[in-house]
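Novice: Quick one: this structure, given as structure tokens, is what I'll be asking you about.
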């Protein structure tokens, strides 16, 4: 009788341990336990919550942004990879805009200052971001 109880105890916990091992193996296979590779994202730090813009994408010549809740006019950019560029790119609320400036958005860690005017209040602003890749 004691042998049967011991065998039932081991079988019950044995199945439970096998299930836990299977779940951990499945999570490992999906990459849950892997650390992020490749360093920082393409834009870090990007725009804080509630800012005039949200980052969408970029390449060495073009920066694509999502305009926030106010109409804006991007008047210029200052980049660590090119000279100061004067612009006039108007964006309506919740619209994507493309800022074109040859060779201004490339590099491994490019600091970019975006100068703009909030057209709802006509006040000038600037914001700094770092672009990667």
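Novice: Residues of region 77-133 being more than 19 Å from residue 50 (Cβ to Cβ) and surrounded by fewer than 12 Cβ atoms within 10 Å (Cβ to Cβ), which ones?
Specialist: 83, 86, 88, 102, 108, 122
Novice: Hey, could you check region 45-64 for residues that are in contact (Cβ under 8 Å) with a residue 24 or more places away in the chain and over 13 Å from residue 127 (Cα atoms) and say which is surrounded by the most Cβ atoms within 10 Å (Cβ to Cβ)?
Specialist: Ranking the candidates gives 63 first.
Novice: Of the residues 56, 78, which single one is assigned to a strand (DSSP E or B) and under 18 Å from the mean Cα position of the chain (by Cα)?
Specialist: 56
Novice: Same structure, new question: Would you point out the residue of region 66-75, among those that are in a strand (DSSP E or B) and without any contact (Cβ under 8 Å) to a residue 40 or more places away in the chain, that is farthest from the chain's Cα centre (by Cα)?
Specialist: In the first step, residues of region 66-75 are kept if they are in a strand (DSSP E or B); the result is 66-67, 72-75.
Add one more test, that the residue is without any contact (Cβ under 8 Å) to a residue 40 or more places away in the chain, and what stays is 66-67.
Details: 66: 13, 67: 16 Å.
The qualifying residue farthest from the chain's Cα centre (by Cα) is 67.
All of the numbers you see were taken from the coordinates with simple rules; none came from a lab. Given the structure is predicted, the values throughout are model-derived calculations rather than measurements. FYI the Cβ positions are ideal-geometry reconstructions off the backbone, even for glycines, and counts take in every protein chain you see.
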